[in-house]
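Take a look at the structure below.
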Amino acid sequence: HHLVLLDLDDLKPKLIGRDDVFVRSFVEIRENSIYAVVEENKKYYLGKFDENLKLTAKSAEAIHEDSVLSFFDQWIYVNGESRNILVLNKNDLSLADTIKP
């Protein structure tokens, strides 16, 4: 599955992304960036895309594929593979902290 930008008039695809996106991924649009769960080698990562659907950043840490994305200030909170909460920097998706519930 890939991100697809549809034409508002006829709902035909205008742009189709190249990166594999998890089929049930939440998709969030924030400040001209698109965030979605990308799939790579049977692991899942948070991906950040530009308005042309090009991947501009990907988390180094694997996340849980069904994770909800929560935004606060400059941080994104997601569930890691082990269900710990990962705190990622919104700009480059680098790991800032891990919260163990």
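The values are calculated or read from the model by the stated rules, or taken from the named source; none is laboratory data. Not measured: the values here are computed from a predicted model. Positions of Cβ are backbone-derived with ideal geometry, glycine not excepted, and every protein chain shown enters the neighbour counts. SASA here: full protein model, heavy atoms, side chains in, ligands and nucleic acids out. Shrake-Rupley method; radii C 1.70, N 1.55, O 1.52, S 1.80 Å.
The requirement of being over 8 Å from the mean Cα position of the chain (by Cα) and open to solvent by less than 70 Å² (accessible area, probe 1.4 Å) is not satisfied by Asp9. Selection of the stretch 12-39 for residues being under 29 Å from Glu81 (Cα atoms), in a loop (DSSP other than H, G, I, E, B) and open to solvent by 70 Å² or more (accessible area, probe 1.4 Å) yields Arg18, Asp20, Val23, Arg24, Phe26, Val27, Glu31, Asn32. For the stretch 73-101, filtering for residues that are free of Cβ contacts under 8 Å to residues at least 12 places away in the same chain and under 14 Å from Ile29 (Cα atoms) leaves 0. Residues in the stretch 50-60 that are of a type outside the set (Asp, Glu) and either over 11 Å from the mean Cα position of the chain (by Cα) or surrounded by 22 or more Cβ atoms within 10 Å (Cβ to Cβ) (or both): Asn52, Leu53, Lys54, Ser59, Ala60. Cβ separations smaller than 7 Å between residues 6+ apart or across chains give the following pairs from the stretch 33-50 residues that are small (Gly, Ala, Ser) to residues that are open to solvent by 20 Å² or more (accessible area, probe 1.4 Å) and in a strand (DSSP E or B): Ser33/Lys48; Gly47/Leu55; Gly47/Lys58. You will find that of Lys48, Lys42, the residue that is of a type in the set (D, E, K, R) and at pLDDT below 95 is Lys42 and no other. When you look at Asp73, is it charged (D, E, K, R) and open to solvent by 70 Å² or more (accessible area, probe 1.4 Å), yes or no? Here the answer is yes, as Asp73 does meet what is asked. Tallying residues that are open to solvent by 40 Å² or more (accessible area, probe 1.4 Å), outside any strand (DSSP E or B) and within 14 Å of Lys58 (Cβ to Cβ) within the stretch 78-101 yields 3.
Scanning the stretch 54-72 for residues that are under 15 Å from Phe26 (Cα atoms) and among the aliphatic types (A, V, I, L, M) returns Ile63, Val68, Leu69.
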